[in-house]
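Written out below as structure tokens is the structure these notes cover.
Since every read-out is calculated from the coordinates, none of them should be taken as a lab result. Just so it is clear, the structure is predicted and the values come from calculations on it, not from any experiment. Cβ placement follows ideal geometry from the backbone for every residue including glycine, while neighbour counts extend to all protein chains displayed.
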Amino acid sequence: MRERLLLILLFGVTFMFLFGCGSKKPQYQLNLKGYGLESAKTTYAEGEKVTVTFPAEYIGTDTDYSFTADSEDVKISRDYSNKKGYVMKFTMPAHDVTISVSARNSMSFDPTAIDYDDESEDDADTDKGTTSTSVEAEPAEPEPAEPATEEKTLVVVFSATGNTKDVAEKIASLTGADLYEIKPAVEYTTEDLNWNDKNSRTTIEQNDPASRPEIGSDPVDLTGYTRIFIGYPIWWAIEPRIMDTFVENYNFDGITMIPFCTSGSSSLGQSGKNLEKLAGSGNWQAGRRFKGGATENEVSKWLGTLE
Ligand SMILES: Cc1cc2nc3c(=O)[nH]c(=O)nc-3n(C[C@H](O)[C@H](O)[C@H](O)COP(=O)(O)O)c2cc1C
């Protein structure tokens, strides 16, 4: 009798495990591709509501974002608020889903906004004036010549994996500029650069507006420079904090400052404005973002808009 009872009990437990309390709905993977995309979980059951956010702090100015799923049966609804950023919702299908974000900078560079373009127009006017006086005027006392202000350019760059340095070297060679590299006192290791790790050095630094990583390279003498291209990679939608260390340590009075950056997809965003504010000196221009591996032709075309 006891054996029969035990058998029934064993059968009951096995049945419950297979078809009852022990059964679990199949879970499907949610993959997020792109910086800043977040969701509460990484796996969902079919029919479950999924919410993916792209928080406001990652959103660059003048940038259009599109969020796409890798399969057509995923219909994403999208909301935006200044506080939360973008909030995407959809129902999980019976397969894994990858959501990607891509950014397009809608800010077109406006060469007319640059002061030294205006200066060159002024020069042209002055030239015309000089020509007409030299034809019509009586020989006069020679005017004391204006001391020629020679343009001297410096390219400053911080680059952790070489992409921005590559663009910086192209700018330097195309403009005949000097190059100064910001090297961290403590180099960034591969682990430090892991943006998927909430505790990596870069994640911690970028989350802390007061972080000022120490610079290890010798200081640069800015005497005589009239124009500085200042380059860096985009980290978490802004400039690496070591750039803040740099600009807070120099006086850029009378110097035209032109930021440039490389990134996976983000635009220059607020980074140029942040640096301008922290520097508190210099005549800061709009700047430009390049993708890694930008060609000499792309760099040269951009430089052409500046001259
Ligand atoms: C910690 C970290 C954060 C990053 N954050 C972003 C980002 O927010 N947006 C983006 O488009 N790319 C981001 N990237 C990619 C870099 O901007 C990109 O690879 C850049 O070209 C690297 O430049 P570098 O080789 O000069 O260091 C990040 C890279 C790292 C290491």
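Highest average first, the peptides 174-183, 187-196 ordered by how many other beta carbon atoms sit within 10 Å of their residues are 174-183, 187-196. Plainly put, the stretch 150-307 has a radius of gyration that is 0.94 times its Kirkwood radius, both from alpha-carbon atoms, as the Rg/Rh ratio. Once a ≥ b ≥ c are taken as the square roots of the eigenvalues of the Cα gyration tensor of the stretch 180-225, is the result rounded (a/c under 1.5), prolate (a/b larger than b/c) or oblate (a/b not larger than b/c)? Prolate, because a/c is 1.5 or more and a/b exceeds b/c. Val156 sits among other residues whose Cβ lies under 14 Å from its own Cβ, and their net charge, with Lys and Arg +1 and Asp and Glu -1, is -4. If the limit is 27 Å between Cα atoms, which of Lys198/Lys301; Lys84/Lys198; Lys25/Lys198; Lys89/Lys273; Lys33/Lys83 go over it? Over 27 Å Cα-Cα: Lys198/Lys301; Lys25/Lys198; Lys89/Lys273. Given axes a ≥ b ≥ c from the Cα gyration tensor, I'd like to know whether the stretch 227-299 is rounded (a/c under 1.5), prolate (a/b larger than b/c) or oblate. It comes out oblate by the Cα gyration axes. Toward the positive end of the charge dipole of the stretch 183-276, with +1 on the Cβ of Lys and Arg and -1 on the Cβ of Asp and Glu, the farthest Cα among Ile242, Gln206, Ser271 is that of Ser271. With θ taken as phi - 60° and the Karplus curve 6.51 cos²θ - 1.76 cosθ + 1.60 applied, the whole-hertz 3J(HN,Hα) list for the stretch 222-239 is 8, 4, x, 6, 10, 8, 10, 8, 10, x, 6, x, 7, 10, 6, 6, 9, 6 Hz, x standing for glycine and proline. In a fully extended conformation the segment linking Lys301 and Ile204 would gain 31.3 nm over its present Cα-Cα distance, using 0.36 nm per residue.
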